[in-house]
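Structure first, commentary second.
Every read-out reported here was derived from the displayed coordinates using simple, explicitly stated rules and does not represent laboratory data. Please read all numbers here as calculations on a predicted model, not as lab measurements.
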């Protein structure tokens, strides 16, 4: 079940970026069958590989923790050999970007300017690692948050910072 769920998540996330792959194409490619939509399937396959890379690091006591370095390496895997290859894979953006529209003034979303990204990512790391959890015995002024809430807040903040092109 987890095998399929990870691939379905990879597929849905990739479709947000415009891929036209299907779960059938992905399964066919994984068993060695020829697929017609190889570029899009490759993007989804990279997503799965990046997920496995992060999961393996988090499981391994010697692996990388959730830090910018891990995210940069995962981003590099995500864009390997696909249409984002020319967009500085694994590097934090150094210029402004936006989502939707032809310029920041008519964009759907404009993330923080590049000079703020490093500081915001540092604050996000601090939040992730210093946040007391209900399952830990650390005192907190406002009470401990459940781990799933911490994960959701960290994900939302990461998407808001939008550190990569």
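What angle, in degrees between 0 and 90 and rounded to the nearest 10, separates the Cα long axis of helix 38-59 from the longest principal axis of the Cα atoms of the chain?
Tilt of helix 38-59: around 30 degrees.
Fully extended, how many nm does the chain gain between residue 106 and residue 126 (0.36 nm per residue separation, minus their Cα-Cα distance)?
Going from the current span to full extension adds 3.9 nm.
Could you give the angle, 0 to 90 degrees to the nearest 10, between helix 2-16's Cα long axis and the longest principal axis of the Cα atoms of the chain?
80
Going by alpha carbons, how many degrees (0 to 90, nearest 10) lie between the helix axis of 68-78 and the longest principal axis of the chain?
10
Specify whether the C-alpha gyration tensor of the chain places it in the rounded, prolate or oblate class, a ≥ b ≥ c being the square roots of the eigenvalues: rounded for a/c under 1.5, otherwise prolate if a/b is larger than b/c and oblate if not.
oblate
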